[in-house]
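The values are calculated or read from the model by the stated rules, or taken from the named source; none is laboratory data. Keep in mind that what you see is a predicted model, and the values were worked out from it rather than measured. Cβ: placed from backbone, ideal geometry, glycine included. Neighbour counts: every protein chain shown.
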Amino acid sequence: MTDLAIPAARAETTTRIRTTTPLRSVAKHAGLILLALVMLYPVLWMVVSSLRPNEEIFRSPGLALDNLRISNYAEGWNALQSPFGHYLLNSAIVVTGCVLGNLISCSMAAYAFARLEFTAKKVLFAIMLGTVMLPIHVIIVPQYILFSQFGWINTFLPLIVPKFLATDAFFVFLMVQFIRGLPRELDEAARIDGAGHPRIFLRIILPLMVPALATTAIFTFIWTWNDFFSQLIYLTDPEKYTVPVALRSYVDATVSTSWGSMFAMSVVSLLPIFLAFLLGQRFLIKGIATTGIK
Amino acid sequence: MKRFTRRDVLSMTTLAAAGTALAACGGSGGGDANGEITGDDITLRFTWWGSDARHKRTQSVIAAFTKAHPNITIKGEFKEWNGYWDSLATTVAANDAPDIIQMDEMYLASYAERGALLDLKTASKHLSTADFDAKSLATGVIDDKQYGVPTGLTVFSLVANTDLLTQYRVTLPDDATWTWDDLKTVGQAVSKASGGKVNGLQSWGFDVGSVNIWARQHGAALYSAEGKVAIPEDVLTSYWQYLLDIAKDGTAPAPSVTVERAGGSVDQSGTATNTAAIGPWWASQLTSVQAASGENLKLLRLPGEAASATPAAYYKPSMFWSVSSRSKYPAEAALFVDYLVNNQEAANVIGVDRGVPANAKIRTAIASSLTGTDKAAADYLDAVEVGDSPRVTPNGASDVEAILKRHTEDVLFARKTPQVASQEFIKELQAAIDAA
């Protein structure tokens, strides 16, 4: 029955492809390319501006480059107290910590919610989901008081440690959905072979949820790399600044800003995100498509 | 049509939170501001906003101070403007405020009236204000308490691009006696001669300075002494009518251009890009505008001053030094502020980066070392006639410029008549003050 259904479906798709005329396809692509260019324009303008002399940047809204000035990169790299690499390294430390924290803690919390039975599980699950809806501005002051009493201000700890406590409810939810989709028979087979929860989690569930883990890793990477507010609040010493906070040091609203340097360093700081997305894109789509969150 | 940016909402919520937290804690936890200077090793936290050039100057002043006081370590924490206020609101709310705070006129009352700042008169033993003239010192006083010492002064002025004026053969009338109509005529002549390539005027309406000037020339004030909105509706209406007129006849750029530039930085303005012949600026901004423009710029007196009963121009403190009321070492913090405002060596390093020094003695001393646009700004400040400074922005009115900007946009885009905008502006600003 199913064997027959598949070729039939395939035949249907092929006929549908044939009916699209070349003209329509060209028009569609031209339209898409045009729209993509419109969306990309700000990024392209930033890249071009990073190669322009400072005073020309706001006089020319176009993309044509009259005077090439590569020295923006060298100047921007050294404009702040430390070379820009220092801030990239700080960001890398925070991002690595957050990714590790989220992978370890969220997967464990998700396993508990998906496979274990305990009192008030439903209520706790609802509360956990509720935390997704709390904006950071509501919790920042109490959180700050807490961390300042721990003596953690001006360290990376307030940024990293919470991630090891499964506080990113979004990822817990994502993984719960994923684990619920795995057949319970696998757990039961392992249980008959004498495996307890730790072993089932490590040997059965974890290897099967690689797509969800990859999604979590990539999103955590992008969100942490781009996070400005909490890094601004907790890091006070310029030596500890991360990329987003350091980039803002180029800007001053009341006097002139070295835009060329800032754009140059913005381009540099976009590279890791761009690479992360490029390499992880495949997992990202797979991870989201298979968890039921669409 | 109420539009807030995410950042507006954010700073409001954090500040509101700051208020509640402070109200809850109450009292002050600091030490004795007039006590002996400690001989123990202590660390003071010092926070300011600015760009990289200011960071470097300030760091070297800190180094000079700590050399003279080896037991005091000063840790600088610096941010850019927007991040600065988010971060300050959070730390103050969390009772972890830095000891020495660079404060702005717009926020002084908000923090002072919530009890976050120290009355510097209680530290008079360590912090001398003898060399300040009374008018400039009064800008940091609320309810008879000195919550901030002004670092520098600036005045609202017009900046003219003399190269553009020469190019289009437009002569300026005498700026000691000119009127707002004269300004319009000059602007029109430039716009016409350039065929619209260059506008005569860079429009305004986004800066509280221009409103203050307009109100004072009409014998009114933006705020009454009690901290209520006091600007009469018809005065505000005529202010917006003027802006609408110059936008309509092409003297100023089209509203869309004006609004876009107002949202940008100094470098994106009409004066800086040499696309407007005359624009309103704080005199202290001349150096940055000049650097971006590259052409010859000149400071002009405000129109209408001759007809005004008392000078509408006033000293605006470019910023203040404040000390946290929760500081564990208020005496030492006051000593450092004293060094910042009264020490000649410190003044030589700071220069006019934080405005032309408000300390009259220091101002005279560094005047000879100033050159170019810095000298022009300092000379202008000395030459211009000023009236009494307006009242400090009341608690709750910190967002006055955001409110002003929204209403100016509505007027320019003809979504509201100047009259309706005035009514709504006054109502909204008063509500913001009442809510604080």
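If you check B:GLU332, B:GLU409 for being farther than 30 Å from B:ILE231 by Cα and either part of a helix (DSSP H, G or I) or more than 24 Å from the chain's Cα centre (by Cα) (or both), only one passes: B:GLU332.
Within the stretch A:105-115, is even one residue surrounded by 14 or more Cβ atoms within 10 Å (Cβ to Cβ), at pLDDT 90 or above, in a helix (DSSP H, G or I) and within 14 Å of another protein chain (Cβ to nearest Cβ)? No, the stretch A:105-115 has no match at all. Under the condition of being surrounded by fewer than 19 Cβ atoms within 10 Å (Cβ to Cβ) and in contact with a Pro (Cβ under 9 Å, 6 or more places away or on another chain), the residues counted in the stretch B:397-425 number 2. In the set (1) more than 14 Å from chain A (Cβ to nearest Cβ); (2) part of a helix (DSSP H, G or I); (3) buried (at least 21 other Cβ atoms within 10 Å of the Cβ); (4) more than 22 Å from the chain's Cα centre (by Cα), the condition left unmet by B:TYR111 is number (4). Sub-9 Å Cβ pairs linking a first residue in the stretch A:84-97 that is of a type in the set (Phe, Trp, Tyr) to a second residue that is outside any helix (DSSP H, G or I), at least 6 apart or interchain, are A:TYR87/A:LEU80; A:TYR87/A:TYR241; A:TYR87/A:THR242, ordered by first then second residue.
Scanning the stretch B:412-436 for residues that are among the polar types (S, T, N, Q), more than 24 Å from the chain's Cα centre (by Cα) and part of a helix (DSSP H, G or I) gives B:GLN419, B:GLN423.
For the structure I just gave you, tell me whether B:TYR107 is over 23 Å from B:ASN34 (Cβ atoms) and either at pLDDT 90 or above or touching a strand residue (DSSP E or B) at 6+ places or on another chain (Cβ under 9 Å) (or both). Yes, satisfied.
A quick yes/no check of all residues on (1) modelled with pLDDT of 90 or more; (2) surrounded by 10 or more Cβ atoms within 10 Å (Cβ to Cβ); (3) under 30 Å from A:LEU247 (Cβ atoms); (4) in the same structural domain as A:LEU271 (by TED's automatic domain parsing):
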| residue | (1), (2), (3), (4) |
| --- | --- |
| A:LEU23 | no, no, no, no |
| A:GLU56 | no, yes, yes, no |
| A:GLY62 | no, no, yes, no |
| A:ASN67 | no, no, yes, no |
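If you go through the stretch B:66-75, how many residues are touching a helix residue (DSSP H, G or I) at 6+ places or on another chain (Cβ under 8 Å) and either of a type in the set (Lys, Arg) or buried (at least 20 other Cβ atoms within 10 Å of the Cβ) (or both)? Summing the residues that are touching a helix residue (DSSP H, G or I) at 6+ places or on another chain (Cβ under 8 Å) and either of a type in the set (Lys, Arg) or buried (at least 20 other Cβ atoms within 10 Å of the Cβ) (or both) in the stretch B:66-75 gives 2.
Note on the stretch B:267-320: residues that are among the hydroxyl-bearing types (Ser, Thr, Tyr), within 24 Å of B:TYR242 (Cβ to Cβ) and either part of a strand (DSSP E or B) or away from every other protein chain (no Cβ under 13 Å) (or both) total 3. In the stretch B:173-192, of all residues being surrounded by 19 or more Cβ atoms within 10 Å (Cβ to Cβ) and either farther than 11 Å from B:ALA252 by Cα or over 27 Å from the mean Cα position of the chain (by Cα) (or both), the one that is modelled with the lowest pLDDT corresponds to B:ASP175.
Taking A:ASP237 as meeting all but one of (1) modelled with pLDDT under 90; (2) more than 14 Å from chain B (Cβ to nearest Cβ), write down the number of the exception. Just one mismatch for A:ASP237, condition (2). What are the residues in the stretch A:69-81 that are exposed (fewer than 15 other Cβ atoms within 10 Å of the Cβ) and either in contact with a Phe, Trp or Tyr (Cβ under 8 Å, 6 or more places away or on another chain) or not in a helix (DSSP H, G or I) (or both), if any? A:ILE70, A:ASN78 - these are the residues of the stretch A:69-81 that are exposed (fewer than 15 other Cβ atoms within 10 Å of the Cβ) and either in contact with a Phe, Trp or Tyr (Cβ under 8 Å, 6 or more places away or on another chain) or not in a helix (DSSP H, G or I) (or both). Put simply, of B:ASN359, B:ASN343 the only residue that is within 19 Å of the chain's Cα centre (by Cα) and either surrounded by fewer than 23 Cβ atoms within 10 Å (Cβ to Cβ) or not acidic (Asp, Glu) (or both) is B:ASN359. The single residue among A:ILE233, A:ILE205 that is of a type in the set (A, V, I, L, M) and closer than 30 Å to A:MET262 by Cα turns out to be A:ILE233. Every test in (1) of a type outside the set (Asp, Glu); (2) in contact (Cβ under 8 Å) with a residue 60 or more places away in the chain; (3) surrounded by fewer than 19 Cβ atoms within 10 Å (Cβ to Cβ) is passed by B:ASN212 save one, and that test is (3).
Annotation note: of A:ILE218, A:ILE139, the sole residue that is over 15 Å from A:VAL94 (Cβ atoms), assigned by TED's automatic domain parsing to the domain that holds A:ALA92, among the aliphatic types (A, V, I, L, M) and more than 16 Å from the chain's Cα centre (by Cα) is A:ILE139. Within the stretch B:261-317, being out of contact with any Lys or Arg (no Cβ under 7 Å at 6 or more places or on another chain) and of a type in the set (Val, Ile, Thr) holds for B:VAL266, B:THR271, B:THR275, B:ILE278, B:THR287, B:VAL289, B:THR310.
Each row is one residue, and each column tells you yes or no for (1) part of a loop (DSSP other than H, G, I, E, B); (2) touching a helix residue (DSSP H, G or I) at 6+ places or on another chain (Cβ under 9 Å); (3) within 23 Å of B:GLU295 (Cβ to Cβ).
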residue	(1), (2), (3)
B:PRO173	yes, yes, yes
B:GLY195	yes, no, yes
B:ALA215	no, yes, no
B:ASP234	no, yes, no
B:VAL257	no, no, yes
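Filter the stretch A:44-60 down to the residues that are assigned to a helix (DSSP H, G or I) and in contact (Cβ under 8 Å) with a residue 60 or more places away in the chain and list them by number. If the condition is that a residue be assigned to a helix (DSSP H, G or I) and in contact (Cβ under 8 Å) with a residue 60 or more places away in the chain, then A:MET46, A:VAL47, A:SER49, A:ASN54 are the ones that fit. Tell me whether the stretch A:122-141 contains one or more residues that are in contact with a Gly (Cβ under 9 Å, 6 or more places away or on another chain), within 13 Å of chain B (Cβ to nearest Cβ) and of a type outside the set (Ser, Thr, Tyr). No, every residue in the stretch A:122-141 fails to be in contact with a Gly (Cβ under 9 Å, 6 or more places away or on another chain), within 13 Å of chain B (Cβ to nearest Cβ) and of a type outside the set (Ser, Thr, Tyr).
Every condition in (1) within 18 Å of the chain's Cα centre (by Cα); (2) surrounded by 15 or more Cβ atoms within 10 Å (Cβ to Cβ) is met by A:VAL210 except one, and the failing one is (2). The residue that is surrounded by the most Cβ atoms within 10 Å (Cβ to Cβ), among those in the stretch A:246-276 that are at pLDDT below 90 and β-branched (Val, Ile, Thr), is A:THR257.
From the list B:THR139, B:THR129, B:THR177, B:THR154, the lone residue that is in contact (Cβ under 8 Å) with a residue 12 or more places away in the chain, farther than 30 Å from A:ILE153 by Cβ and within 14 Å of chain A (Cβ to nearest Cβ) is B:THR154.
Rundown of residues vs (1) touching a strand residue (DSSP E or B) at 6+ places or on another chain (Cβ under 6 Å); (2) touching a residue at least 12 places away in the same chain (Cβ under 8 Å); (3) within 24 Å of B:ARG391 (Cβ to Cβ), yes/no style:
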position	(1), (2), (3)
B:ASP249	no, yes, no
B:ALA254	no, no, no
B:ALA262	no, yes, no
B:ASN274	no, yes, no
B:GLU295	yes, yes, no
B:LYS298	yes, yes, no
B:ALA306	no, yes, no
